[in-house]
Structure formats: C-alpha cells, structure tokens
Ligand SMILES: *Cc1c(COP(=O)(O)O)cnc(C)c1O
C-alpha cells in the first residue's frame, strides 16, 4: 500500500466506498413528541417531558440537580450567572473552543482570559492557568475539547488554592470520564449542549448540572434560566432581584432528549472505540502525533485531531490535508481557523456594538502569541471526523490513508 502512488498524483484512492451513515431519530423520538403534544402544553413547567429528560440525565450522571436550557451557550451563561460572576471578574478559559464558551462571560460583563493548551490533548494546561491568575480571577471555565477531559485533579487543586469556581464546558464531551468521574460532575457546574452537531441532539438545547448538591444553588441556577421566576413552592414567585434571561427548554426538546439519552451510551462507546483504534493504528508513525488522552481519561471523541510534526515531513499542512482528502479520507486542516482571541471582537475589544466595555475596565489586550501552543496546534492539526455510524472499513481505510500519505511525505 505504502509504496503506491498518492491519489493526488494519479494513484489509486485508499477509500472507494462511502462512509457509514444512519438515522439519528426514529420512532422513539416520534412517540415522545406525540406524547408531548398530547399534553396540550409545551411549557416545561406544566408538562412532563423536560422534567423526565432531566430526571434521566441525573440518573445517568449520578447528579442530584440539573437545569435544562435553550442551548449550550445558555447553559454556560446560566452557570456563570448562578456562580455570581459579574462586572470586571476574570474567567480563565481555552482559546480553542466554540464562541458559545465566551458569550456568557461577556454578557456577565466579565473578562475572558486565555490559558495556553497542552500540545497534544488540546486541553488547558494547568501551569498556564496558574500563570494567568490575578486578584480579579473568579472562575475557571474548562473546555473538555472533542470528548477529551482536561487534567481535572490539577485544575481543581488550583481552584481550591485560589478559591475559584470551576465550570466545565462538556458540550463536546458526553460521558467522558476522568479517573472514574464523569466530566461535568467534577467542577461546580457542568454545561452541555444538545445542538444538532453534538453526540445527542434536541435541535438546540442545553443542560447545567449543579454539583454542590445544595438546594439553594439549584434554585438560583434554575431561576437564572427562567427570568428569575421561582417555581419551587405552590405559587410562582416573580420577584425580580437581579437580571436573568429566558433560556427555557420547551417540551418538544425535552421529548426528543428523552429518546436521545437512551442512545447516548452506545453512541459514546462507538466513538470511543473508533478514536482508540485510530490511535492504535497510527501509533509510532514518523511525522504525526496522535490525539493524546491522559492516563485515566475515557474520551468520547467528538472528533479526532492529529498533529503533523513539521520537521519530519516535507509537505505543508495544507498539502497533507489535500493529499489525504484525495485518498477519499474526510479531513480538515485544523479545527477553527484561528484561536478565538484573534476574532474581531477581541482584537477590537468590542463585546457590545459601540462600546469597549468591559475590556476597558482592565485595559486587557489580546495579542497574537498570547497562547503560542494553541496557535501552533491550529496551524499543524488535521481533524478527522468521528461518527457512531462509521464502519470498521471506514476505520481501516482511514488508518491506511493517513499511513500512506505520511509515508510518502516522510521519505
Ligand atoms: C457547541 C458548543 C458550545 C455551544 O453550544 P450551543 O448549543 O451551540 O450554544 C459551547 N462550547 C463548546 C465547546 C461547544 O462545542
């Protein structure tokens, strides 16, 4: 195989069959949706579906309390709001993430501060986190990228030492585990997204776990997603003591979520195996570094991302990605085009149109080079999709394809 001409130069393609596909939604979702409609209400507090969804989620996660939201972005905003993060507070987070991680920070008028990443797990490096702490730091917003859990023992130790809240962004990391504990149950809050691109989908939606186990924290979190309506006693209390948005989940989302949750474990298992086998098939290959998972982490691979070792390869990252695509292997050069702090919002320091607030509270700037490892990751990574419907053949051909291209460019 390896001495064959690359497809990009007219040789035979490694992959000639289409990737496995399947249906994410079926009669199970339909049945739940029908029942939701038959309730004659789609409001979460009047119906049973969102309540059931959260009950099932709590069972699966061993969580005492969780709150449903309208999106993952909303879930993160709710966690920050409930944690009391406010004006001028600094929240340390990852520069390689979805912008949904950052939006809640800025809506609370707090300031995102970026820690650099581990070069091969792509998660926040505890040492870099510690170096970013100032008297303004109030929280760590830990993104578990692509199903891979960050080094939570080290991170929780830093948080304890500096008295910081820890919010886990688990949008990409369903059922991922760290030394026997589920991601999203280790920090103070765990935030999940059920948008259509995640392991499970309700179209849009989200969940926040409240891990203190305290009823008061649960009530504050719950109300923060619901305009500060307090729906705990017999009568609803509408006293508005401070701002809270309407981030409610509807019964339609809850209904689909009930059926999706039943499939979640199998989905995560398939993705875990696919990722592990990919790593085994690529281990020791000169020219690339596989997606690294630290000891004791069980990764549910939302995607797989390897890195090219530039000094060992005589091609650019773009040439590599092009050659691999030509072999019939789905892949992308990198993940997001650039670290999030290079976005115009941070470069112009403009969270709100026509305003420099809250950045002008501290005069923070976001320069290129702030997180060199994160920047380098995005310039040297090849992202390979992972899907629960992919077959053993898809896996074998992906391994063969990467080996063929790597072997050619390391000659
Ligand atoms: C998807 C995602 C979000 C935001 O979720 P939405 O439901 O799209 O708002 C936040 N953080 C990460 C890491 C994500 O992947």
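Which peptide among 373-382, 298-307 comes first, and what is the full order, when sorted by highest mean count of other Cβ atoms within 10 Å?
The peptides rank, most packed first, as 298-307, 373-382.
Output the antiparallel fraction of DSSP beta bridges having both residues in the chain, as a percent to the nearest 5.
Among the beta bridges of the chain, antiparallel pairing accounts for roughly 65 percent.
Given the DSSP H assignment, sum -39500 (n - 2.57) over each helix run of at least 4 residues in the chain and divide by its residue total; what's the result at 222 nm in deg cm²/dmol, nearest 500?
-11000 deg cm²/dmol
Counting DSSP beta bridges with both partners in the stretch 27-260, what percentage is antiparallel, nearest 5?
Roughly 50 percent of the beta bridges in the stretch 27-260 run antiparallel, per DSSP.
Mind checking the full-extension length gain between residue 362 and residue 347? Use 0.36 nm per residue of separation minus the Cα-Cα distance, one decimal, nm.
That pair, residue 362 and residue 347, stretches by 3.9 nm at full extension.
Sorting 56, 169, 394 on the 10 Å Cβ count, fewest up front, what's the list?
56, 394, 169
Taking a virtual spin label 7 Å from the Cα of residue 214 along the C-beta vector, which residues in the stretch 62-96 bring their backbone nitrogen under 12 Å of it?
Taking a point 7 Å out along Cα→Cβ of residue 214, the residues of the stretch 62-96 whose backbone N falls under 12 Å are 83-84.
Can you order the peptides 310-317, 174-181 by their average number of other Cβ atoms within 10 Å per residue, highest first?
174-181, 310-317
Could you work out how far helix 49-61 tilts from the main Cα principal axis of the chain, as a 0 to 90 degree angle to the nearest 10?
In the chain, helix 49-61 runs at an angle near 60 degrees to the longest axis.
Which value in nm describes the separation of the simple spin-label points at residue 127 and residue 316, placed 7 Å from the Cα toward the beta carbon?
Reported label-point gap for residue 127 and residue 316 is 3.2 nm.
By how many degrees, between 0 and 90 and to the nearest 10, does the Cα long axis of helix 317-326 differ from the longest principal axis of the chain?
80 degrees
Arrange 78, 237 by Cβ neighbour counts within 10 Å, fewest through most, would you?
Lowest to highest Cβ neighbour count: 237, 78.
What order, most packed first, do the peptides 68-76, 399-407 have when packing is the mean number of other Cβ atoms within 10 Å of each residue?
Per-residue mean Cβ counts within 10 Å order the peptides as 68-76, 399-407.
Return 365, 97, 209 ranked ascending by Cβ neighbour count within 10 Å, so the fewest neighbours appear first.
Listed from fewest to most nearby Cβ atoms, that is 365, 97, 209.
How far is it, in nm, from the label point at residue 99 to the one at residue 27 when both lie 7 Å from their Cα along the line to the Cβ?
My value for the distance between the label points is 4.3 nm.
Tell me the label-point distance for the pair residue 269, residue 59, using the 7 Å Cα-to-Cβ offset, in nm and rounded to one decimal.
Going from the residue 269 label point to the residue 59 one covers 1.7 nm.
Which distance in Å, rounded to a whole number, links the C-alpha centroids of the stretch 255-332 and the stretch 132-162?
25 Å
The numbers here are math on the coordinates, done by the rules we state, and not lab data. As the structure is a prediction and not an experimental result, all values here were calculated from the model. Heads up, the Cβs are rebuilt from the backbone with ideal geometry, glycines too, and the neighbour counts pull from every protein chain shown.
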